[in-house]
1. How many angstrom lie between the C-alpha centres of region 243-273 and region 184-239?
2. Given the -39500 (n - 2.57) contribution per DSSP H run of 4+ residues, what per-residue ellipticity at 222 nm results for the chain, rounded to the nearest 500 deg cm²/dmol?
3. Which value, in debye to the nearest 20, describes the size of the charge dipole of region 171-321 about its Cα centre when Lys and Arg Cβ atoms bear +1, Asp and Glu Cβ atoms bear -1, and nothing else is charged?
4. Label region 33-186 by shape, choosing from rounded, prolate and oblate, from the square roots a ≥ b ≥ c of the eigenvalues of the Cα gyration tensor; if a/c is under 1.5 it is rounded, and otherwise prolate applies when a/b is larger than b/c, oblate when it is not.
5. The chain: percent of C-alpha pairs farther apart than 34 Å?
6. Longest exposed-loop-site-free stretch of the chain, with trypsin sites (Lys or Arg not before Pro), DSSP loop and at most 11 other Cβ within 10 Å?
7. Can you give the net charge of the other residues whose Cβ lies under 13 Å from the Cβ of Asp10, counting K and R as +1 and D and E as -1?
8. Report the equivalent ellipsoid semi-axes for region 27-103 in whole Å, largest first, defined as the square roots of five times the eigenvalues of the gyration tensor built from alpha carbon atoms.
Amino acid sequence: MDHADPPTNDDEYTRFFASEPAPAHLASVAAQVEAFVAHQRVVGRRTVLVTSGGTTVPLEANTVRFLDNFSAGTRGATSAEHFLEAGYAVLFLHRQYSLRPFSRHYTHTKDSIFGVLEATAEGQVQVNAEHAAFAHAVLTKHHAAMARKALLQIEFTTVVEYLYLLQAVATRMAESLGANAIYYLAAAVSDFYLPRTRLAEHKIQSAGAKGLDVRLDPVPKFLVPLVRDWAADGFVVSFKLETDPALLDSKSRAALARYGHQLVIANQLSTRKRVVYLVGHGGDAVHDRAENAARADSAPFRALQLPADLEAQGVDIESLMVPELVRMHDAWIATAATAKAADGEVSE
Ligand code: PMT
């Protein structure tokens, strides 16, 4: 997923949307999101958009083959649970069939659901004694989130779908929720794609072929319009994934300098479940993108490490990350209120 960050200008993402078809479910998603965020606004609940999982890059319009990446959606699904626990509403924009909050405990595991269930002599099926307490807790939390209308899950598969949905969701959240929204961009988004104009319509034939050459184009950096336009006033958290730990600091600061948002969470592929780095001014960021960008070099860089004993007990690193983010978001909301009051005084 890495890349020497190419310059992005407005034309690039406008052209991208003009040339790539919108997903068929865009309008129905937009309507669901509008109703969801309107409800959170009425009940006064802070809301986080969690993006999660990998994006595919189809090689054919009637897709048989596609490029993909490693992301299972663990970070996103686990974070979503912790945000719900912290009282947030969660808009979970996730790759189809990747991990989802709560159900993740029973899918994609080496031990299937059959290790959790038992057949009784009376012809019933029940959770066995070993797993009953945990299953009860998971089920209760899931049902509570749904009953409170605090969780909305939206699916994508391709990188094009992801970007259309990201725009639709973020703009509606920003409009309704302003500084009360967090944008937590944990999805592993492809940096390259095959434009619609060069996609084969049908399955690429292999008979007689000596090989397959595919030239991909760069996907524009959508953090530019997201931070500047779509998620205005919100608290934006991007992620930075590297395999070389030596690059984490510099690449994270480069992202802060480029987008002027509030926080980068940097992680290394091999250690991402044990350690992450928080890079940025977080809640102390100012509401001026250019000023945040100018301060990128002096932004704090802090490691959050899951102690080995907690890891052995099955504790998630997200249980450390989310409370940190909630504290930063508290500060961000307070700054936004002060900035608004000051604006009011100036314009009077
Ligand atoms: O799902 P798991 O298996 O649990 O793994 C979690 C994770 C490693 C995927 C997650 O923690 C993570 O790091 N996600 C971001 C991965 C990624 O895309 O990193 P990147 O360095 O390639 O991109 C950096 C940022 O640019 C991302 O926030 C992305 O949203 C953004 N981006 C990417 C491509 C693009 N065209 N436009 C963008 O704005």
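1. Spelled out, the Cα-based centre of one part sits 20 Å from the other.
2. Mean residue ellipticity, 222 nm, calculated: -12000 deg cm²/dmol.
3. On the way: 18 positive and 18 negative charges, 114 e Å.
The dipole of region 171-321 has a size of about 540 debye.
4. Details: a/c = 2.60, a/b = 1.26, b/c = 2.07.
Verdict is oblate for region 33-186.
5. 29
6. Between exposed loop sites, the widest span is 216-348.
7. Neighbourhood net charge equals 0.
8. Working: eigenvalues 157, 58, 11 Å².
Here the semi-axes work out to 28, 17, 7 Å.
Quick note: the coordinates plus some simple rules give every number you see, no bench work behind them. In this text, all values refer to a predicted model and were calculated from it rather than measured experimentally. Reconstructed Cβ throughout: ideal geometry from the backbone, glycine too, with neighbour counts over all protein chains shown.
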